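> Submitted below is the structure of interest, expressed as structure tokens.
The values are calculated or read from the model by the stated rules, or taken from the named source; none is laboratory data. Fair warning: this is a prediction, and the values are worked out from it, not measured in the lab. Backbone-built Cβ (ideal geometry, glycine too); neighbour counts: all protein chains shown.
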Amino acid sequence: MAGAAVPAFWLIDLDGVLVREGTVIPGADRFLDALRAAGRRCLVLTNNSIYTPRDLAARLSSMGLEVPESELWTAALATARFVQTQRPNGTAFVLGETGLTTALHEVGYVMTDRDPDYVILGETRTYSFEAITKAVRLIAAGARFLAANPDPTGPSPEGILPATGSVAQLIRHATGRAPYFVGKPNPLMVREGLNKIQGHSEATVMIGDRMDTDVVAGIESGLETILVLSGVTKPGDVERFPYRPGRIVDSVADLVDEVLAAVPA
């Protein structure tokens, strides 16, 4: 992947690829700068649904990583886009943070706990037994069950945290109703990302640190895939999966020189 062979479009995971536990992964800033210098279009594609794009851009800037709102596509935005296409101007009971509720409000959704069209589960650090119980009862009464992403755990400085996927399984066990997951590895989120940057699958690469979300999403969407070992996946983990990434590198810093080779003279 050098010179003209550098793909025109790049979908890039956030946690474990560009940042880790609140700090920028060494070389991530240079990698993004190299893509822009080479005229490549990129989009940060994250299963995180906690923050709005504006808040997330500000948080990244405070870490020293400049990513404009226009280059961020979150599971919250993908979820809002999905319900807008399925049941426009509907209602939802939401377990999640501002990133998810704001995205839903912006597509015309109303938040309610009275006979909602959907129960929508997103990432939060304040899941309450009361809210989960309400979600279980609403789903049992007929509400449709959506979850922003299937990740069972998330990172923190103190270690892993239970995430949306784990809470979704709790609700599934209580209701007998499986959620529809909108975020990666659902190719739907990848296709929406491609549409946002007007990309084409044959000219796009997906970079991630998780085999079970990023890499499989890229494979199922027909993209070139690169696994980085700067996040949750370790070298010995790869062989446990029935599929393989197109390439494995230690971090995005290893790609900087190759991308810079495509910068016009």
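> Which one of these is polar (S, T, N, Q) and at pLDDT 95 or above: Ser230, Ser128?
Values: Ser128 fails: at pLDDT 95 or above.
Step by step, each of Ser230, Ser128 is checked, and only Ser230 is polar (S, T, N, Q) and at pLDDT 95 or above.
> Under 7 Å by Cβ, and 6 or more places apart or on different chains, what pairs join a residue from the stretch 120-145 that is assigned by TED's automatic domain parsing to the domain that holds Ala174 with one that is basic (Lys, Arg)?
Every condition considered, the pairs that remain are Ile139/Arg177; Phe145/Arg177.
> List the number of the failed condition for Val238; all other conditions in (1) crowded, with 16+ Cβ neighbours inside 10 Å; (2) in contact with a Gly (Cβ under 8 Å, 6 or more places away or on another chain) hold.
Here Val238 meets the rest and fails (2).
> Moving on to the next point. Which of the following residues is surrounded by fewer than 22 Cβ atoms within 10 Å (Cβ to Cβ) and either at pLDDT 95 or above or not aliphatic (A, V, I, L, M) (or both): Leu100, Leu65, Leu77? First the steps, then the outcome.
On the way: Leu100 fails: surrounded by fewer than 22 Cβ atoms within 10 Å (Cβ to Cβ); Leu77 fails: surrounded by fewer than 22 Cβ atoms within 10 Å (Cβ to Cβ).
None of the others qualify; the one that does is Leu65.
> With respect to Asp117, determine if the residue is within 22 Å of Ala163 (Cα to Cα), at pLDDT 95 or above and acidic (Asp, Glu). Walk me through how you get there before you give the answer.
Values: within 22 Å of Ala163 (Cα to Cα): no; at pLDDT 95 or above: yes; acidic (Asp, Glu): yes.
The answer is no for Asp117.
Per-residue answers, yes or no, for (1) in a strand (DSSP E or B); (2) closer than 21 Å to Asn195 by Cα; (3) out of contact with any Ser or Thr (no Cβ under 6 Å at 6 or more places or on another chain):
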{"site": "Trp73", "(1), (2), (3)": "yes, yes, yes"}
{"site": "Leu77", "(1), (2), (3)": "no, yes, yes"}
{"site": "Val94", "(1), (2), (3)": "yes, no, no"}
{"site": "Arg114", "(1), (2), (3)": "no, no, yes"}
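> Could I ask something else about it? How many residues are in contact (Cβ under 8 Å) with a residue 60 or more places away in the chain and charged (D, E, K, R) when one looks only at the stretch 20-45?
Filtering the stretch 20-45 for residues in contact (Cβ under 8 Å) with a residue 60 or more places away in the chain gives 20-22, 25-28, 30-31, 34-35, 37-43, 45.
In the following step, the residues that additionally are charged (D, E, K, R) were identified as 20-21, 30, 40-41.
Adding up the residues that qualify gives 5.
> What's the total number of residues in the stretch 30-50 that are in contact with a strand residue (DSSP E or B) (Cβ under 7 Å, 6 or more places away or on another chain) and assigned to a loop (DSSP other than H, G, I, E, B)?
Result for the stretch 30-50: 3.
> Quick check: is even one residue across the stretch 46-58 in contact (Cβ under 8 Å) with a residue 40 or more places away in the chain, crowded, with 23+ Cβ neighbours inside 10 Å and more than 22 Å from Arg247 (Cβ to Cβ)?
Looking through the stretch 46-58, at least one residue is in contact (Cβ under 8 Å) with a residue 40 or more places away in the chain, crowded, with 23+ Cβ neighbours inside 10 Å and more than 22 Å from Arg247 (Cβ to Cβ).
> Still on this structure, please answer the following. So, Val107, is that one under 24 Å from the mean Cα position of the chain (by Cα) and in the same structural domain as Phe82 (by TED's automatic domain parsing) or not? First the steps, then the outcome.
Numbers: under 24 Å from the mean Cα position of the chain (by Cα): yes; in the same structural domain as Phe82 (by TED's automatic domain parsing): yes.
Yes: the conditions hold for Val107.
> Please determine, by comparing only the residues of the stretch 165-219 that are in a loop (DSSP other than H, G, I, E, B), of a type in the set (A, V, I, L, M, F, W, C) and in contact (Cβ under 8 Å) with a residue 40 or more places away in the chain, which one is farthest from Gly142 (Cα to Cα).
Taking the stretch 165-219 and keeping what is in a loop (DSSP other than H, G, I, E, B), we get 176-179, 182-186, 197-200, 209-210.
Within this subset, residues satisfying the condition of being of a type in the set (A, V, I, L, M, F, W, C) are 178, 182, 197.
Filter again for in contact (Cβ under 8 Å) with a residue 40 or more places away in the chain, leaving 182, 197.
Numbers: Val182: 20, Ile197: 37 Å.
Per the criteria, the residue is Ile197.
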